[in-house]
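To start, the structure under review is shown below, and the notes come after it.
Every number here is computed from the coordinates shown, using simple stated rules; none is lab data. If you're wondering where the values come from, they're calculated on a predicted model, not measured in any experiment. Note that we place each Cβ from the backbone using ideal geometry, even for glycine, and neighbour counts take in every protein chain shown.
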Amino acid sequence: MSEALVKKAKPYTNPYVAGTLLGIVLFLAFLLTGSGLGASGPINRMLIYIEDIIAPQHINTTPYLIPYAGGSTNPLDNAFVFLTVGILIGGFASGYLHHRLSFTTSKGPRISNRTRWGMAFLGGAVMGYGARFARGCTSGQGLSGGAVLSVGSWAFLLAVFVGAYAVAYTLRKLWI
Amino acid sequence: MEQFFSAFPGPLPLQVLFGKTGFYLISLLIGIAFGYALEIGGFGKSTKLAAQFYFTDMTVFKVMFTGIIVAMVLVFGASSLGWLDYGRVYVNPTYLWPGMVGGLIMGVGFVVGGFCPGTSLVALATFKKDGIAFVAGLTVGIYVFGENIDGLFSTFWNSSNMGRLILPDLLGAPIGVIVFGIVLMALLLFWLVEYVEDQMNGTQNRRQYLPQKLSGAGFILLLALFVMLRGQPTVEEKWERIAAVEQARLDQREVQIAAGELLDFIQNDLVRTELIDVRNESDFNLFHLMGAKRAEIENLGQRAEKDFLQRPVNTLFVIMSNDEQRATEAWKIIRAHGVENVYILENGVNGWLDTFTELLIESDPLRGDMPVPSKTLADMDDDMLRYEFDAALGSSYEVAEPELHEHKLEYTPKVKMKVKKASGGG
């Protein structure tokens, strides 16, 4: 692996080619399993799994959490959890093959690494909250629902872009 | 293998075909391909993602919308060819306002954090430190939501639920037209964002790979055109595909259940019995079974996709008309849409009344308000109500839900509950 780290990273694939592959994968997900892709739900499940070990009583008395892990329900007994593990494996495999595995921080030129990490953490928290609020993230709600013409998913996608462009100028110091 | 192909049209009952292990293994493989596609698109790098919001690199937009239109064209292409049953595909239910508020929050999070959940996983998998920090934050945000939603915003969060609402319903155009329109719109937007990129960066990149881009655009446009011209399968076509098996079940009377069997299921708490009454409104108002809901035959296709397919797997649907004619017609439509566990009430509402009025009178000859067999209509055999009622009391007659106590009816059990459902949720 150290060799992979030294080698020069290969350039990214053309976005339309990558998008086409993504679309074919999404189609196969629909054809085979009947539902699309998702990433935020399984993180929720893993979290609830740990919570259920620490405080099962709490899970069993919180209405939102009961369907996931109430009683003897195992929150990890779900196909999307495996899908998420797959995302990690697939991302790693591609990173390895294209020499893009590296302990680095990507950031704008005007902020420090520490600021970037803090902002990444903060943005992640906001994103996590928003994704559960919207009943799905960019993949589960936007990409998957968008492809099968859900009205809510298209409204959601529009909202994501509106929300992002609304604050992008104010927060430009983070990136440019 | 034969079993595999006979399971089409998709979505496939993977759990039935390959067991849970096989189902999860396939999910894992799909995830691997998904993660790979995201990584090669550059979604593991936050600066590349964030550049989207400063118009210098529109990769996110291009990859995402290419993914959406490719999947969309393939899904509806497969549907129009009969390989995929769109009615059984999970369509994210529309919760309009909470969805949009969540979207706005996520948009802000995207700019602050530089990732969205899926892409942050790829960043984590390729050891990006900011990706690791993002995933940690993501977990906290999800945790906070789970802890607070029941108290804070649960009313709002569950508001504006429009169920399975799709753009063709909203815009009143056929699916194929919407698909073609979206593809066309996406292609124009691709051209626009490449123009903007060049303006921002002072480059001429939009001319790169021009022949490839144009042929790709032409190809997907052609596929979309095919989807539009071919259209989605009609109820008749859907029925044709299953007619060989299903007509035989009708003819051998495997799906016509006796009144006694229905009554047992109504009283069985493990099964959700949904009674669908397809008679006209005046007959329905005169008398209907307790809990029966009226449905118009014309709307059954839409009802099947929006409602019946969304029910829990332990739902038993029983359709009824006065005799069986209209109910059989309705049964074909509902079955053609891929709804499982659908049965017909044998001899219809008339048969139900034949079975239970006698029994109830026997057990208590003095009870009043019993429908009586009509003399004038007794010989008619064309799905007419053959009983007379004092008043239009609907399900207020005792025979609408007879209590037979120890009396047990003899019948041939026919219901076989089938569990075949595509999974849902993201």
**Study point:** Farthest positive-ward along chain B dipole, Cα basis, beta-carbon charges - from B:Leu275, B:Gly42, B:Leu221
**Key:** B:Gly42
Review point. If you place +1 on the Cβ of every Lys and Arg and -1 on the Cβ of every Asp and Glu, how big does the dipole about the Cα centre of segment B:236-400 come out, in debye to the nearest 20?
Key: 560
Point to revise | Cα centroid separation - segment A:18-62 against segment B:100-177, whole Å | key: 12
Check your understanding: Once you mark the trypsin sites (Lys or Arg not before Pro) that are in a DSSP loop and have at most 12 other Cβ atoms within 10 Å, what is the longest gap between them in chain A?
Key -> A:9-109
Review point. Taking H as built 1.01 Å from N, whose amide H comes closer than 5 Å to the amide H of B:Thr273, not counting residues under 5 places away?
Key: B:Leu316
Point to revise | segment B:1-96: mean projected area of Cα convex hull, nm² | key: 8.7
**Study point:** Ellipsoid semi-axes in whole angstrom, largest first, where each is sqrt(5λ) of the Cα gyration tensor of segment B:2-234
**Key:** 29, 28, 21
Point to revise | Spatially proximal aspartates and glutamates relative to B:Lys414 (Cα-Cα < 13 Å; intrachain offsets below 8 disregarded) | key: B:Glu254, B:Glu261, B:Asp264, B:Glu346
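With +1 on each Lys and Arg Cβ and -1 on each Asp and Glu Cβ, and nothing else charged, work out how big the dipole of the protein assembly as shown is about its Cα centre, in Debye to the nearest 20. Kindly include the intermediate steps, with their values, before the conclusion.
On the way: 48 positive and 53 negative charges, 1023 e Å.
Using Cβ point charges on Lys, Arg, Asp and Glu, the protein assembly as shown gives about 4920 debye.
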Practice item. Mind jotting down the three principal axis lengths of the protein assembly as shown based on Cα atoms? Whole angstrom, largest first. Key: 92, 57, 45
Check your understanding: Whose amide H sits under 5 Å from the amide H of B:Tyr95, counting only residues 5 or more places off or on another chain, with H placed in the peptide plane?
Key -> B:Met162
Exercise for review: List every DSSP H helix in chain A whose Cα atoms extend 24 Å or more along the helix's own long axis and whose mean Kyte-Doolittle hydropathy is at least 1.6.
Suggested key: A:15-33, A:79-97, A:151-168
Exercise for review: Just name one of B:Leu152, B:Gln208, B:Ala330: the one whose Cα is farthest towards the positive end of the charge dipole of the protein assembly as shown (beta-carbon charges, Lys/Arg +1, Asp/Glu -1).
Suggested key: B:Gln208
**Study point:** Rough spin-label spacing in nm, given labels placed 7 Å along Cα→Cβ, for B:Arg272 and B:Asn205
**Key:** 5.0
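Which percent of the Cα-Cα distances in segment A:105-176 go past 20 Å?
Details: 1046 of 2556 pairs.
Summing the P(r) of segment A:105-176 above 20 Å gives 41 percent of all pairs.
Near B:Ala259, within a Cβ-to-Cβ distance under 9 Å, what is the net charge of the other residues, with Lys and Arg +1 and Asp and Glu -1?
Numbers: positive: none; negative: B:Glu261, B:Glu346, B:Asp354.
Local net charge: -3.
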Revision key, fill the gap. antiparallel share of DSSP beta bridges within chain B, to nearest 5, in %, is 20
Exercise for review: Please report, to one decimal in angstroms, the Kirkwood hydrodynamic radius of segment B:199-283 built from all distinct Cα-Cα pairs.
Suggested key: 19.6
Revision key, fill the gap. Segment B:294-417: spread of alpha-carbon positions along the three principal axes, whole Å, largest first, is 46, 35, 25
Point to revise | segment B:20-64 - Rg and Dmax from Cα coordinates, angstrom | key: 14.2, 45
Point to revise | Sparsely packed GluC sites (Glu not before Pro) within segment B:289-318, loop by DSSP, other Cβ within 10 Å at most 13 | key: B:Glu296
Practice item. Whole Å is fine, so just give me how far the alpha carbon centre of segment B:1-64 lies from that of segment A:76-105. Key: 12
**Study point:** Nonlocal amide H pairs with B:Gln256, under 5 Å, H built at 1.01 Å
**Key:** B:Ile344
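For chain B, which DSSP H helices look membrane-span-like by this rule: Cα extent along the axis of 18 Å or more and mean Kyte-Doolittle of at least 0.0? Don't jump to the answer; show the numbers that get you there.
On the way: long enough: B:14-40 (34 Å, 1.50); B:59-81 (32 Å, 1.99); B:96-113 (25 Å, 1.70); B:129-148 (29 Å, 0.83); B:175-201 (38 Å, 1.64); B:210-230 (30 Å, 1.49); B:235-251 (20 Å, -0.75); B:348-363 (23 Å, 0.31).
Those that clear 18 Å and a mean of 0.0 are B:14-40, B:59-81, B:96-113, B:129-148, B:175-201, B:210-230, B:348-363.
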Revision key, fill the gap. With the charge dipole of segment A:1-112 built from beta-carbon charges (+1 for Lys and Arg, -1 for Asp and Glu) about the Cα centre, the Cα from A:Gly38, A:Ile66, A:Leu22 projecting farthest to the positive end belongs to A:Leu22
Review point. Once the Cα gyration tensor of segment B:40-161 is found, what semi-axes does its equivalent ellipsoid get, as square roots of 5 times the eigenvalues, in whole Å, sorted largest first?
Key: 27, 25, 14
**Study point:** Centroid-to-centroid separation of segment B:69-98 and segment A:142-170 [C-alpha atoms, Å]
**Key:** 18
Practice item. Apply the Karplus parameterisation 6.51 cos²θ - 1.76 cosθ + 1.60, with θ equal to phi minus 60°, to every residue of segment B:383-389 and state each ³J(HN,Hα) to the nearest whole Hz, in sequence, with x for glycine and proline. Key: 6, 9, 6, 9, 10, 10, 10
Revision key, fill the gap. With +1 at each Lys and Arg Cβ and -1 at each Asp and Glu Cβ, the charge dipole magnitude of segment B:2-234 around its Cα centre, to the nearest 20 debye, comes out at 320
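In percent, how large is the relative contact order of chain B, given Cα pairs closer than 8 Å and 6 or more residues apart?
Values: 510 pairs, mean separation 70.1, N = 426.
Result for chain B is 16 percent.
DSSP loop chymotrypsin sites (Phe, Trp or Tyr not before Pro) in segment B:123-195 with at most 15 other Cβ atoms within 10 Å of their Cβ, which ones? If you can, show how the numbers build up before the last one.
Numbers: sites: B:Phe127, B:Phe134, B:Tyr143, B:Phe145, B:Phe153, B:Phe156, B:Trp157, B:Phe180, B:Phe190, B:Trp191, B:Tyr195; in loops: B:Phe127, B:Phe153.
Here the sparse-neighbourhood loop sites are B:Phe153.
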Revision key, fill the gap. Across 10 Å bins beginning at 0, the whole-percent shares of Cα-Cα pair distances in chain A come to 8, 24, 36, 25, 6, 0
Review point. What is the pair-distance distribution P(r) of segment B:280-341, computed from all Cα-Cα distances in 5 Å bins starting at 0, with each bin given as a whole percent?
Key: 3, 17, 28, 27, 17, 7, 1
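Provide the three semi-axes, in whole Å and in decreasing order, of the ellipsoid equivalent to chain B as defined by the square roots of 5 times the Cα gyration tensor eigenvalues. Could you put the intermediate results ahead of the total?
Details: eigenvalues 572, 121, 82 Å².
Working from the Cα gyration tensor, I get semi-axes of 53, 25, 20 Å.
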Check your understanding: Per residue of the protein assembly as shown, what 222 nm ellipticity follows from adding -39500 (n - 2.57) for every DSSP H run with n ≥ 4, rounded to the nearest 500?
Key -> -18000 deg cm²/dmol
Practice item. Take the alpha carbon gyration tensor of segment A:1-104, find the square roots of its eigenvalues, order them as a ≥ b ≥ c, and report rounded if a/c is under 1.5; if not, report prolate when a/b exceeds b/c, else oblate. Key: oblate
